[in-house]
Each structure stands twice: as C-alpha cells, then as structure tokens.
Amino acid sequence: MTVRRGIRARHVLGHEAGGHVLLRDAEVVVEGARIVSVGPPGAAGADEIIDLGAAVLVPGLVDLDALTDIDHTILDSWQSPELGLGLQWSRDYAAHRRRAVFDAEERAFIREYGFVQLLLHGVTTAMPIASEVHSDWAETFEDAVAMAEAAERLGIRVYLGPSYRSGVNVVDADGARTVYWDEALGLDGFDGAAKFLGWAADRESDLVHGVLLPCRIETLSEDLLRRTAALAAESEVLVRLHALQGLHERALVLERFGAPPLRVLRDTGLLGPNLLIPHGIYVDSNPHVDSDLDEDVAALAASGATVIHCPLTLARHGSALDSFGRYLAAGVALALGTDSFPPDLVRGMDIGVTVAKILAHRPDAATYGDYFSAATLGGAAALGRADLGRIEPGATADLVAFELGDPLDGVHDDPIRTLCMNSTARAARFSMIAGRVVMRDGVIPGIDLPAMTRRAQQLFERMRAAYSERDYLRRSADELFPASFPIRRV
C-alpha cells in the first residue's frame, strides 16, 4: 500500500497559472512519486506527517552544469596571466606525457562525492560536469556507467554521458595558447558517448537519462560537431556544449572555421531547442567583442537553445552575462548551473542579481524571483520536463526545504529574498526526489561525510601536485599556487 506523506512548512513555493506563488503554512501531500495535493494542513489527508517548521519548501533545484569534481576553482580562478598559463596542458605533455591523475575507482569516488555535495545543497536534478584537466584525455563509457550507478544509489536524478573532444587547449613552449588535435581520440570518445545513450535507455530509470556532453566548442572538429548534431537528432537527446564563454575561444573558432561560434553552431546543425549552452556570454553585442553585429541574442532566442547561466563561477573568473535581464527580455531560455565548488545555486542567485545591478547601475535589473524561476522552471523546460521545477498536483515529487530558523540569518522578510540574501544552500535540510526522501535533517542515509571529505582532501593534494608536470615551465605547485600571505614556520 502506498503511503501518503504530508510535508508541511511555514512557506511553500507553490505553482499556479504557469508561475510560482508563495503559500503560508501549507501542506504538500505526496503519494508514490507524485504530488497529489497542495493546500491547508490536513485538508487532503495523509498517513504520515513531516513537519519542517520554519522552512521554505521549494521545488528541487535543477543544476545543468553541476560540479561533480573535487574543487579546482580554488586553484584556477585567481592567477595572474603568467601563472594561469601554467594550469593548461603543455603541448609536450599532450603529445608525449599525458596520463590520468586518478584511476577509474578514484574517479568514481570523486563523482559520487560531487553528487553528495549537490544533494546537500538542494539540487535534485543535475547534468554533471567534471574537469578533463586531470584525465588522460576525456571521460569514458565506463566512467559514465559508474556515475549513473552512484546516482541511482543516492537517489539523485542525472542527465549524463561521457565527455569527449578531438582537441585540447595547450600552451606551446613559447607561451602561446593553441589547440593540440587528436581526431582518433575524439571519435573514440564519441563512440563511447553513443554507446552510453543505449545503455541509459535500456536502464528505463527516471534517475538516469543519456545526453551528449561534448567539451568546449574550440576543442571539437567540424566532423565531430556534425556527428554530434546528427546523433542528437536521430536519438532525440539533449546536447550540452560550452560555447560563447571566452574571447580566446572566439579567436580560436574564428581562426579554424572562419566564423564566430554561434554561426558555427548553426552551420553544423547544433543550434536548436535541444542545445544547452554554458555560458553564452560573448555574443556579438557583448561590449568586449569586436563586432559590428548585434544579432546573437535574437538568434539565441529564435533557436530555442537554452543558456545555462553560472553566475558564481563567472564572477570568480572576472566575467558576467551582459545581461540576465536583456537575455530574459529578448526571450532567451535561461537555466542555472554551478560549474564549480560550492555547488550552491542559492549563493549563485545572489551573486547573479548583484552583478546584474552593477552592470545596469540600477537595483531592479534582476530579481531573485527571476533567478529562482531559472533554477526550477527554466531547468525543467530545458530538459523538456513539465513535471519538474514546480509544486502542484500531478508534478513529480521533487521537494527541497531550506531552513530559515537559524539566528545567523537575521530578520526575515520575503522568504526567497531572505534565503538568497541572508543564507546559502547549506541551509538545505530536507530533500525528496520522485517521492523518495534522500536527505533528512541535513543527513544523507548511508553517507559518512567526514570520511568522504578526508579522502577527497587526499585526492585534491595529489591533483594539486600534478599541475607541475603539465606546466610548460614545469614550476612547482607552490610556485603555481602561492599562499595568500607569506608562510613562516615557527
């Protein structure tokens, strides 16, 4: 017999007439994997009550550029240009010495550690991303299978596949940045990605969906771009491709294709409703782009492609979407991603709203409501899932509660603004995915978080040390990552 659970909270972000609405002292009744009622406590009848108290209950957050890695942004987001070059592969390393820093079991642990962090931060649906810098080229079919199995154990919904590329950004001996190409490795990776689509389909699980995750546009040959577009159309799956994210990317694409990135996406058949683009910044109309055109935002909107906005990561690397409000007004489909540690979409929303205000020189340039909608309804729309991102009868029961009773949050006003401005996603205390409780009182059953953290730290130290062998100048890790202040031994 299916148990009807009533989940109660001081604030519930419900859904009516196509948009979110705030409900006070409400109850969400769940039966099986579905929401059956949203209304006053006790009105629909429930066999079990979960009273979350002074919390805001929201739809599970959708992270479409979801970090499943140990932290690398703490290493690569603050260097001078001279030190920054040392974090890329040298051409010599790419051609003759490349190796995987972690073995298959260690990679699987790192991905599972990433999934745990996502759950702890209120993410219920994720499209994973991990750095290829520490691999011997990119991800494998076996890597994706291990990730899928970990997701099913934990109960998090994932859209995934192995990354693949036909080139890698490198630094030549003279310090110039170029791309090292190996078409055979690109095709091998593509074959693994195609194989995983079949494996995921045979799984018939709503927790595991196959998608195509080629790396960055400047690391894909025209042949690999066209193969990706053809397979996506044939298999009716999504493609996520990092593009329009940097001026160096734009220069490399212009040099290789004789056209800017967005036109390359169009000409190779990728630009359309099934394309997801992190980060979508450097369009022709961006003030840092040397172009007489102002067509890219309109073209993005018309294509139906989704821009995955990762405001925290962008800000840390000194860039920004210019601007969220402009894209929204133009009709561009927007979703959110974390892309780096912490996988905290709440913190990202606050940074995104703040940066939008700075760019526009006005306090109403973006709202927390707009950003929260992008993290829920926007992500669900990008996935073609009208049952996700909303709390209403018939929707899939993906629910997350953020505690608002911490005295450190200060005084309360609107619960969404209070959460975004005064707290972080670390306030997540309860998570349900498709009716399964995967976190209660901030604890994930079966997870020894201190032990995972200790092992992650050990792997991080090895990852940090490995940068030296890839650096074109072979500098030590301490030279590449100097301390914030001089260290004195006592």
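Points to keep in mind about this one:
- Report note on the peptides 307-319, 169-181, 461-473: ranked by the mean count of other C-beta atoms within 10 Å, highest first, their order is 307-319, 461-473, 169-181.
- Most simply put, region 61-387 has about 15% antiparallel DSSP beta bridges, counting only bridges with both residues inside it.
- Three principal axis extents describe the C-alpha atoms of the chain; from largest down they are 71, 59, 51 Å.
- With respect to the chain, whose longest principal axis is taken over its alpha-carbon atoms, helix 247-257 is tilted by about 60°.
- Between helix 222-235 and the chain: long-axis angle, C-alpha atoms, 0 to 90°, nearest 10: 30
- Two-decimal ratio, region 378-418, of alpha-carbon radius of gyration to 2.2 N^0.38 Å: 1.58
- Relative contact order, percent, region 61-387 [alpha-carbon distance under 8 Å, six or more residues apart]: 17
- Largest-first principal axis extents of the Cα set of region 408-490 (Å): 51, 33, 32
- Extension reserve of the Arg177-Arg474 stretch, reckoned as 0.36 nm per residue once the Cα distance is removed: 105.3 nm
- Relative contact order (percent, whole number), region 98-148, Cα cutoff 8 Å, 6+ residue spacing: 63
- Beta bridges by DSSP in region 1-133, antiparallel share as percent, to the nearest 5: 60
- Helix axis angle, 104-120 relative to the chain longest principal axis, alpha carbon, degrees: 40
- For region 164-242, the C-alpha radius of gyration sits at 1.25 times the compact-globule guess of 2.2 N^0.38 Å, with N the residue count.
- Per-bin percent of Cα-Cα distances, region 31-148 [5 Å]: 2, 8, 14, 15, 14, 12, 9, 7, 6, 5, 4, 3, 1, 0
FYI, it's all coordinate maths here, none of it is from the lab. Small disclaimer: the values here were computed from a predicted structure and weren't measured. Every residue, glycine as well, gets a Cβ built from its backbone with ideal geometry; the counts of neighbours run over all protein chains shown.
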